[in-house]
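**Q** To start, I am sharing the structure in question, which I have written as structure tokens.
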Amino acid sequence: MVNDWVYIGLFILISLFLPAAAILIAGWLAPKKPNKIKNSTYECGIETVGDTWVQFRVQYYIYALVFLVFDVETVFLYPWAVAYRQLTLFAVLEAVVFLLLLAGGLIYAWKKGALQWN
Amino acid sequence: MTAVQIVFLAVAALTLAAAVMVVSLRRMMQSALALILALVGVAVIFALLGSGFFAVSQVVVYIGAIAILIIFAVMLTQNSMSPEHSQMNPGFLYAALGSALLFSSLVFILSMWVGFYAIPVNLDPSVDTITVLGLSLTDPQGFALPFEIVSVLLLAALIGGIYIARDHHRD
Amino acid sequence: MTFWTDPIGLLDAWLFAVLTGWGLPADVSRIILYILGGFVLATGAMVFTVFLIWLERKLIGRFQDRFGPNRVGPFGIFQTVADMLKIFTKEFITPDGADLIPYNLAPILSVAGVLFVWAVLPFAINMLGVNLNVGVLYVVAAGAIGELGMILAGWGSNNKFALIGAFRAIGQMISYEVPMILTLLVPVMFTGSMGLNDIVKAQNPWFVVVAPLAAFIFFISQVAENARAPFDLTEAESELVAGFNIEYSGLKFGMFYVAEFLHAFTISVLFAVIFLGGWLGPGAEKYPWLGLLYTMIKTTVVFFTILLMRAGLPRFRIDQVMDLNWKLFTPLAIGILIVTAVVDKSLALFTPTIRVLGLLAANLVMLLVTLRFLKIFAQKKRRPLVVPSASTELPDDISEVLL
């Protein structure tokens, strides 16, 4: 079974291999002289205070959530778009309803201030 | 064994190993990475089954969106990143027992299903499966109703998510 | 089929004949050729980046009234080669407390995420990796892998600047993915296939003519995905030092650099392929190398536009970036999709000319409505003017003060 996906699979392996090989070669050529100060975390010359993995703002999470919903929705619409030429006007309107419902979700998020960065 | 079967076995083993790593690794980020690896494995299996659309959707939705959502969620929780805590709680034995029971009964039920032994029929290469999927998604005799319900479900998920995650202190 | 009309196809057929001539089965020969072709394409892409970096530095230098690189070789063309040789011998500095697996995986995934796209890019009618039937979604999926590289870099580095930079980058990238995938539905709709080569073949006229708004949104979203100026606040020097890649050195940093420049070129090719007709042009079907030439000309125009934007526009603020996406592009993309779908379906029975004119009119109406809305919003948002008190002596001629 030699089809398109064999090529994609091989190409993915090659794309991962090339940068990895380049980094390995560079690591072999490069000097290795680590010391305490060189390896310290970069923070404009100041000592780092506290843990790096601090708690983050909820805003990122909300954006990711809205994104996820739209992502799933659009993936559903791709087969519809591929079949678009053969669809009736009724089937197109079904997708329009689908989109309008999601647009309603976007308006809800907007009105609730979830899309407000502050 | 054909080459496809060898690839399938290797990918399936990798997926399962990654799934075990998700629960066994101590650093949260490495767990997330293992989860992503497991999801990639599932995508490869979809591609091996000849369903390119599902393979790509798997990557777009699960790695592009859900994995990132999980990472953001991890960042929101406090103290979840420290590897000092024990990963076992006293009830782990019961949980393991329950999971084993569930798994074996699932295997038992599946082994009785005829589809388990059916040999997959090769798809007609002249038919574009994505077009068929798109047509049936909007066909009133097909999946038009589930298609619209998905939209309502996504809307509900969006509203619920925003309601819970919203900063209630400011209101 | 002679060498002059189709060099790649001829080479492929010849190598295939040689391999099967050695007694190899047809499948194995095909796979060997796939590996060979993949290596040539991926290596070519990375070597080409060396030239791209030089070109971009030279052009940005010119835009800013400087010479740009001009020491190594004619016009400084070997500057990047010298830089590359040097970066290979630079030490890798791994910060204390770094999470080694994500830290080392990140630069590889960043480059790989861009390289993946090259597997489906059609440069000419037969100069392409493969015409995948889910090509468009595959490109989106490859973008997800690149995002993953960034987030891993931010996390693995054990540095607050890196983490904040990565989070901003991801927040921006996932946001702009929404209008991007929505507008990508429009060419798929017109074509009836997700294969990029099918999309090129279906462009009569070019999709930028029938869907100019979708093309515009797609273009801006792609630039934002690439996190370049004016959307480069993910690595805003004045705020975040360098962004997610701050703790990287040597070739590991170089890989992020390569990924960014290659990405800029890749989105130019993508835009040329999806909206500007790709390799379409007079004689391109008979002479594939002419198609390659057309693709490259169109790509260069897009690439030059991206560079001009980088050189000419000031950086956005993060709230502006988010507002632009969620409050303008996303609703507009949904509107475009609905209007295009309905208008195109209702005009399906008419002649192609009427269809094109109808779609153009629909786009124009949408543009005018959007501009109207923007104006209303802008008036609402405008800060109230400070009204001078009555006692203030106003000059007789107000225009003197204004000038």
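The values are calculated or read from the model by the stated rules, or taken from the named source; none is laboratory data. Treat the numbers as computed from the prediction; the structure is a model and nothing was measured. Heads up, the Cβs are rebuilt from the backbone with ideal geometry, glycines too, and the neighbour counts pull from every protein chain shown. Areas reflect the complete protein model, heavy atoms only, side chains present, ligands, DNA and RNA absent. Shrake-Rupley method; radii C 1.70, N 1.55, O 1.52, S 1.80 Å.
Matching residues to (1) at the interface with chain A (Cβ under 10 Å from one of its Cβ atoms); (2) assigned to a loop (DSSP other than H, G, I, E, B); (3) surrounded by fewer than 24 Cβ atoms within 10 Å (Cβ to Cβ):
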site: C:Tyr176; (1), (2), (3): yes, no, no
site: C:Pro179; (1), (2), (3): yes, no, no
site: C:Leu184; (1), (2), (3): yes, no, no
site: C:Val188; (1), (2), (3): yes, no, no
site: C:Met194; (1), (2), (3): yes, yes, no
site: C:Asn204; (1), (2), (3): no, yes, yes
site: C:Ala215; (1), (2), (3): no, no, yes
site: C:Phe219; (1), (2), (3): no, no, yes
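**Q** If you scan region C:311-327, which residues turn out to be crowded, with 17+ Cβ neighbours inside 10 Å and more than 8 Å from chain A (Cβ to nearest Cβ)?
**A** C:Phe316, C:Val321, C:Leu324, C:Asn325
**Q** Sticking with this one: Tell me whether region A:69-81 contains one or more residues that are part of a helix (DSSP H, G or I), in contact with a helix residue (DSSP H, G or I) (Cβ under 8 Å, 6 or more places away or on another chain), touching a residue at least 24 places away in the same chain (Cβ under 8 Å) and under 13 Å from B:Gly161 (Cβ atoms). Walk me through it before giving the result.
**A** At the first step, the residues of region A:69-81 found to be part of a helix (DSSP H, G or I) are A:69-81.
Among the residues that remain, those that are also in contact with a helix residue (DSSP H, G or I) (Cβ under 8 Å, 6 or more places away or on another chain) are: A:69-81.
Of the ones still in play, those that are also touching a residue at least 24 places away in the same chain (Cβ under 8 Å) are A:69-70, A:73.
The next check asks that each one be under 13 Å from B:Gly161 (Cβ atoms); those that pass are A:69-70.
For region A:69-81, residues part of a helix (DSSP H, G or I), in contact with a helix residue (DSSP H, G or I) (Cβ under 8 Å, 6 or more places away or on another chain), touching a residue at least 24 places away in the same chain (Cβ under 8 Å) and under 13 Å from B:Gly161 (Cβ atoms): present.
**Q** Moving on to the next point. Could you go through region B:121-129 and let me know if any residue there is assigned to a helix (DSSP H, G or I), in contact with a Pro (Cβ under 7 Å, 6 or more places away or on another chain) and touching a residue at least 12 places away in the same chain (Cβ under 8 Å).
**A** No, there is no match, as no residue in region B:121-129 is assigned to a helix (DSSP H, G or I), in contact with a Pro (Cβ under 7 Å, 6 or more places away or on another chain) and touching a residue at least 12 places away in the same chain (Cβ under 8 Å).
**Q** Could you look through region A:55-68, keep only residues that are outside any helix (DSSP H, G or I) and within 7 Å of another protein chain (Cβ to nearest Cβ), and pick out the one that is modelled with the highest pLDDT?
**A** Going through the qualifying residues, I end up with A:Phe56.
**Q** Tally time: how many residues in region B:131-153 are open to solvent by 40 Å² or more (accessible area, probe 1.4 Å) and more than 19 Å from A:Ile107 (Cβ to Cβ)?
**A** The qualifying residues number 10.
**Q** Okay, next question. Among the residues of region A:70-97, count how many are facing chain B (nearest Cβ under 7 Å), open to solvent by less than 20 Å² (accessible area, probe 1.4 Å) and over 19 Å from B:Val132 (Cα atoms).
**A** Final tally of qualifying residues: 1.
**Q** Is at least one residue of region B:154-167 surrounded by fewer than 15 Cβ atoms within 10 Å (Cβ to Cβ), basic (Lys, Arg) and more than 25 Å from the chain's Cα centre (by Cα)?
**A** no
**Q** While we're on this one: List the helices (runs of 4 or more DSSP H) inside region C:3-122, counting only whole elements, that have at least 3 residues being over 30 Å from A:Ser40 (Cβ atoms) and of a type in the set (A, V, I, L, M).
**A** Output list reads C:7-21, C:26-63, C:100-118.
**Q** Going by the conditions given, is A:Leu115 modelled with pLDDT of 90 or more and either touching a Gly at 6+ places or on another chain (Cβ under 7 Å) or open to solvent by less than 30 Å² (accessible area, probe 1.4 Å) (or both)?
**A** Here the answer is no, as A:Leu115 does not meet what is asked.
**Q** Please state which of the following conditions C:Ile125 fails to meet, knowing it meets all the rest: (1) open to solvent by 10 Å² or more (accessible area, probe 1.4 Å); (2) farther than 27 Å from C:Thr295 by Cβ; (3) modelled with pLDDT under 85.
**A** (2)
**Q** Regarding C:Val302, is this residue within 14 Å of chain A (Cβ to nearest Cβ), within 22 Å of C:Leu213 (Cβ to Cβ) and among the β-branched types (Val, Ile, Thr)?
**A** So C:Val302 fails the test.
For (1) within 12 Å of chain B (Cβ to nearest Cβ); (2) more than 21 Å from the chain's Cα centre (by Cα), each residue gets a yes or a no:
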residue	(1), (2)
C:Asp99	yes, yes
C:Ser110	no, no
C:Val114	no, no
C:Met127	no, no
C:Val139	yes, no
C:Gly149	yes, no
C:Gly154	yes, yes
C:Asn159	no, yes
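**Q** Right, next: Picking from C:Val72, C:Val120, C:Val50, which residue would you name as being surrounded by fewer than 21 Cβ atoms within 10 Å (Cβ to Cβ), aliphatic (A, V, I, L, M) and modelled with pLDDT of 85 or more?
**A** C:Val50
**Q** Kindly establish whether C:Ala169 is closer than 26 Å to A:Phe11 by Cβ, more than 7 Å from every other protein chain (Cβ to nearest Cβ), open to solvent by less than 10 Å² (accessible area, probe 1.4 Å) and at pLDDT 90 or above.
**A** Here the answer is no, as C:Ala169 does not meet what is asked.
**Q** Another question, if that's okay. Would you check which residues across region C:143-174 are over 15 Å from B:Ile68 (Cβ atoms), assigned to a helix (DSSP H, G or I) and in contact (Cβ under 8 Å) with a residue 24 or more places away in the chain and list them? First the steps, then the outcome.
**A** Just the residues of region C:143-174 that are over 15 Å from B:Ile68 (Cβ atoms), to begin with: C:156-162, C:164-165.
Checking the rest, the ones that are also assigned to a helix (DSSP H, G or I) come to C:156, C:160-162, C:164-165.
Within region C:143-174, C:Gly156, C:Phe161, C:Ala162, C:Ile164, C:Gly165 meet the criteria.
**Q** Name the residues in region B:23-44 that are within 12 Å of the chain's Cα centre (by Cα) and β-branched (Val, Ile, Thr), would you? Full working, then the answer.
**A** Here is the first cut: in region B:23-44, the residues within 12 Å of the chain's Cα centre (by Cα) are B:35-43.
Across region B:23-44, the qualifying residues are B:Ile36, B:Val40, B:Val42.
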